Amino acid sequence: MKKSILILALCFVMLFAVAAVSAQDLTVTYLENDCLAEVPTDEALYAAGDEVTVLFEPVQYKDYLIFYGWDIDDDGIADFGYNYNKFVMPEESVELKAICIGAYAGGSTCKGCHLHGHPSHHGFDSFTPVRVTGAGQ
């Protein structure tokens, strides 16, 4: 009987330990989005509620395109630029897609490039942006 209780207690401890570890295993992935030739790699693991700093280096531009920010909600609008570079991690992993503008008029094929580098006017359902304050603002 004592052995069964000990095994059951050990199973519960292991179950909670696995749940605690998996809550810390959220990732942020940066996607080229037919815009960049190279994107940052974030090797950190996050938990829901963590403040995430959006990475901007290294990025390598494709010809005739200028990187303008990252899209978090797949609406084609750059939600994060250099002045808005933090968000609160939602309960699932995040993919950020690169948004670019054409270096010359008519030189870009990306959609949504007319709204640049700031959170869009759309509501944020799965994350909370954080405005960064500092020199030059």
> Is there a residue being modelled with pLDDT of 65 or more and part of a loop (DSSP other than H, G, I, E, B) anywhere in the stretch 101-117?
Replying inline: yes
>> Need the failing condition index for Leu65 against (1) closer than 20 Å to Gly102 by Cα; (2) of a type in the set (A, V, I, L, M, F, W, C); (3) exposed (fewer than 13 other Cβ atoms within 10 Å of the Cβ), just the number.
In response: (3)
>> Pairs please, first residue from the stretch 53-76 and touching a residue at least 24 places away in the same chain (Cβ under 8 Å), second anywhere and hydroxyl-bearing (Ser, Thr, Tyr) and assigned to a loop (DSSP other than H, G, I, E, B), Cβ atoms under 7 Å, 6+ apart in sequence or on different chains.
In response: Phe56/Tyr82; Tyr64/Tyr104; Leu65/Ser108; Asp75/Ser120
> Which residue out of Glu95, Glu91 is surrounded by 13 or more Cβ atoms within 10 Å (Cβ to Cβ), within 17 Å of the chain's Cα centre (by Cα) and modelled with pLDDT of 50 or more?
Replying inline: Glu95
> Right, Gly76: under 16 Å from Leu31 (Cα atoms), modelled with pLDDT of 90 or more and small (Gly, Ala, Ser) or not?
Replying inline: no
> Counting only residues that are hydrophobic (A, V, I, L, M, F, W, C), at pLDDT below 95 and surrounded by fewer than 17 Cβ atoms within 10 Å (Cβ to Cβ), how many does the stretch 39-62 have?
Replying inline: 1
>> Of all residues being in a loop (DSSP other than H, G, I, E, B) and among the polar types (S, T, N, Q) in the stretch 27-38, which is surrounded by the fewest Cβ atoms within 10 Å (Cβ to Cβ)? Just the residue, please.
In response: Thr27
>> Would you confirm whether or not the stretch 55-64 contains a residue that is under 13 Å from the mean Cα position of the chain (by Cα) and in a loop (DSSP other than H, G, I, E, B)?
In response: yes
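The values are calculated or read from the model by the stated rules, or taken from the named source; none is laboratory data. The model shown is predicted, which means the values in this text are computed figures rather than measured ones. Using ideal geometry, Cβ is built from the backbone for each residue, glycine included, and neighbour counts are taken over all protein chains shown.
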